[in-house]
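The values are calculated or read from the model by the stated rules, or taken from the named source; none is laboratory data. Please read all numbers here as calculations on a predicted model, not as lab measurements. As a convention, Cβ positions derive from the backbone with ideal geometry for all residues, glycine included, and neighbour counts pool all protein chains shown. Just so you know, the surface numbers come from the protein's heavy atoms only, side chains and all, with ligands and any DNA or RNA stripped out. Shrake-Rupley method; radii C 1.70, N 1.55, O 1.52, S 1.80 Å.
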Amino acid sequence: AQTVTQSQPEMSVQEAETVTLSCTYDTSENNYYLFWYKQPPSRQMILVIRQEAYKQQNATENRFSVNFQKAAKSFSLKISDSQLGDTAMYFCAFMKRENNAGNMLTFGGGTRLMVKP
Amino acid sequence: EAGVAQSPRYKIIEKRQSVAFWCNPISGHATLYWYQQILGQGPKLLIQFQNNGVVDDSQLPKDRFSAERLKGVDSTLKIQPAKLEDSAVYLCASSLVAGAAYNEQFFGPGTRLTVL
């Protein structure tokens with residue numbers, strides 16, 4: 001079984017500054033995906049960024065980038081130029097890459113991020 | 001393109017009562033997931049359907065929870081009887097198909113259940 005751990009329950013950052021959210025995971029799998037999801041107060045989970053474990057290059061989506069350290073099983077999210085709209089819960093998640101129909105997401109406990117004006 | 005629809009958005013019931021939640025996935029999405037998100041925690045998968053067949057229900061408390069997806073489109077999740085610890089947000093998600101090729105899971109807005 002996989003486990004995902006987010007050790008920072010809450011974080012805050014000033015608008016326009018940079019913040020890094022941490023995530024570690026444990027798995028015996030070699031092929032998998034890692035994700036960061038954003039959940040605003042509306043509760044709708046929104047995919048922020050995806051990393052494929054077989055790719056060494058870190059994924060980047062505009063202001064969002066990850067630092068993927070496969071050997072250390074670490075997957076942090078960096079948000080640059082933080083905006084007020086980034087205020088939300090952020091969840092790190094793991095998915096095995098399988099040939100059958102099983103594609104469940106295993107989530108961490110979340111980090112509440114507040115962006116201050 | 002319409003997203004994943006869920007209803008109701010909120011539900012308050014007494015313990016031992018029954019409750020049902022409804023989910024309509026994105027058109028054409030063969031795979032449907034129900035997650036339970038207890039306050040302060042990340043979502044946990046309850047059940048996964050591929051069309052109208054169950055792929056994984058290993059974490060579904062089958063003594064009180066049931067789910068169906070009869071025509072391979074919309075789905076209902078039922079709790080009977082409810083317990084206090086069932087208070088949570090129930091999220092539905094869908095994807096085109098599950099398999100080795102990645103297909104993004106799209107989430108609905110969830111149903112917040114409060115059991116008193």
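Structure values in brief
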| read-out | value |
| --- | --- |
| Among A:M11, A:M89, A:M104, residue whose mean-square fluctuation peaks in a GNM of chain A (springs only between Cα atoms under 10 Å) | A:M104 |
| A:M114 versus B:R9: modelled label distance in nm, points set 7 Å from Cα along the beta carbon direction | 2.4 |
| Those residues of the range B:34-70 whose amide nitrogen sits under 19 Å from the label point placed on B:Q17, 7 Å along Cα→Cβ | B:64-66 |
| Principal axes of the range B:5-96: Cα extent on each, largest first, Å | 36, 23, 21 |
| For B:K83, solvent-accessible area (1.4 Å; no DNA, RNA or ligand), Å² | 90 |
| Mean Cα-pair separation over length for chain A, i.e. relative contact order, pairs under 8 Å, 6 or more apart, % | 37 |
| Hydrodynamic radius of the range A:3-116 per Kirkwood, over alpha carbon pairs, in Å | 14.3 |
| Backbone HN-Hα couplings from phi across the range B:49-66 [Karplus 6.51/-1.76/1.60, Hz, Gly and Pro as x] | 10, 10, 6, 9, x, 7, 8, 8, 10, 5, 9, 8, x, 6, 6, 9, 9, 9 |
| Heavy-atom accessible area order for B:S18, B:S87, largest first, 1.4 Å probe | B:S18, B:S87 |
| In the B-A interface, the accessible area buried, summed over both sides, Å² (probe 1.4 Å) | 2000 |
| Relative contact order (%) - criterion: Cα under 8 Å, at least six apart; region: the range B:1-87 | 31 |
| Residue mean of other protein chain beta carbons inside 10 Å, A:41-53 | 3 |
| Cα→Cβ-extended label distance, 7 Å offset, between A:M11 and A:D81, nm | 1.9 |
| Alpha-carbon centroid distance for the pair the range B:9-32 / the range A:1-77, whole angstrom | 28 |
